[in-house]
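Working notes for the structure below.
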Amino acid sequence: MSKGMRAVIAAWIFCTGILWAAIETNAQSMPKEVAARVEIYAIPSLTISDQQFLTGDANGKAVTVAGEFRIAQGSGRLPVVVLMHGSSGVGATTEAWVRKFNTMGISTFVIDGFTGRGLTVVGPNQALLGRLNLILDIYRSLDILAKHPRVDPERIVLMGFSRGGQAALYASLDRFNKLWNKSGAQFAGYIPFYPDCSTSYATDTEVAARPIRIFHGTPDDYNPVASCKAYVARLQAAKRDVALTEYPDSAHGFDAGLLGLATVAVSANAQTARNCHIKEGEGGVLINADTQAPFGYKDACIELNPHVGGNPATAEAARKAVTDFLQVLFKLG
């Protein structure tokens, strides 16, 4: 090797050392809410009917959904919160939660169950996608996280909002885990925000032996809290670890208050099953309990124009409750 070449290599090594030193220095001074690394995952899933989901029928349309994995600053295997969106897809409020969790040293995995299916919103037409599909996406995400070298598989919590809150709630069912969760892992806890609890599934009080913490608003007219109270009462009677925190003056989507939003408005033409009573019938068919006919979004109980809006005060109270819960559950210092 010539002297000139050795000089070039020595200079390159010197400059590289300076570059990496600068990167490490910047990493140490980065704001805590900034992820140390971001990974985007293609998640193989299926689009199936709710009946297929309930009967374990996997003969559906293969689809690829997406997940954004933000690895928090820290070393080794870290805890993770998986976040599942509602009927409007991944929104700005999700980012507020992500930043908070990353600040705590908790990684986040945000699932987008819509874009890969050619959807943006389903509020005005909830029949566009069976609600239980999001649970399947959640379990498929757990496949990825359970094997990731930067994830502690014993410290993965599921959180969801509205339609995603419903998915987060019922993903706890033992039966659904046995049918669809092939990851070998189990969520350490479930945090549904303002879920729809109007559907009763067979054996739905047999849930994972993990804490379930539901957050809801008293005046919610999209997914009324009353049906969730009834379900929680049944779970508590079955000695399950479940709690419902209810906030006054808090409409559907009240945690948008984390963004400073304090107004409540009509979600124009959005469908709500607030007056429906749905139960699982024979062969996994969802039945309108009032008519005893198969349930559909053209049923008379379906109404339109529920309200949505933020409440900064109760949003902050809910954020504190969630972070306190995770501090204890994840044994954070």
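The values are calculated or read from the model by the stated rules, or taken from the named source; none is laboratory data. All of these numbers come straight from a predicted model, not from anything done at the bench. A quick note on method: Cβ atoms are made from the backbone with ideal geometry, for glycine too, and the neighbour counts reach across all protein chains shown. In case anyone asks, the SASA skips ligands and DNA or RNA and just uses the protein heavy atoms, side chains included. Shrake-Rupley method; radii C 1.70, N 1.55, O 1.52, S 1.80 Å.
When Thr245, Thr314 are screened for being open to solvent by less than 40 Å² (accessible area, probe 1.4 Å) and either touching an Asp or Glu at 6+ places or on another chain (Cβ under 7 Å) or touching a residue at least 12 places away in the same chain (Cβ under 8 Å) (or both), only Thr314 passes. Taking residues in the range 124-148 that are free of Cβ contacts under 8 Å to residues at least 12 places away in the same chain and surrounded by fewer than 24 Cβ atoms within 10 Å (Cβ to Cβ), and partners anywhere that are hydrophobic (A, V, I, L, M, F, W, C) and in a helix (DSSP H, G or I), not one pair has Cβ atoms closer than 8 Å while being at least 6 places apart or on different chains. If you go through the range 269-303 and pick out every residue that is in contact (Cβ under 8 Å) with a residue 40 or more places away in the chain and either open to solvent by 70 Å² or more (accessible area, probe 1.4 Å) or hydroxyl-bearing (Ser, Thr, Tyr) (or both), you end up with 5.
Conditions (1) modelled with pLDDT under 95; (2) part of a loop (DSSP other than H, G, I, E, B); (3) under 21 Å from Pro219 (Cα atoms), marked per residue:
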{"residue": "Ala262", "(1), (2), (3)": "no, yes, yes"}
{"residue": "Cys276", "(1), (2), (3)": "no, yes, yes"}
{"residue": "Asp299", "(1), (2), (3)": "no, yes, no"}
{"residue": "Ala313", "(1), (2), (3)": "no, no, yes"}
{"residue": "Arg319", "(1), (2), (3)": "no, no, yes"}
{"residue": "Asp324", "(1), (2), (3)": "no, no, no"}
{"residue": "Val328", "(1), (2), (3)": "no, no, no"}
{"residue": "Gly333", "(1), (2), (3)": "yes, yes, no"}
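Restricting attention to the range 176-209, the residues being among the charged types (D, E, K, R) and within 26 Å of Thr323 (Cα to Cα) number 1.
Is it fair to say Ile48 is buried (at least 19 other Cβ atoms within 10 Å of the Cβ), in contact with a strand residue (DSSP E or B) (Cβ under 7 Å, 6 or more places away or on another chain) and closer than 24 Å to Asp196 by Cβ? It is false that Ile48 is buried (at least 19 other Cβ atoms within 10 Å of the Cβ), in contact with a strand residue (DSSP E or B) (Cβ under 7 Å, 6 or more places away or on another chain) and closer than 24 Å to Asp196 by Cβ.
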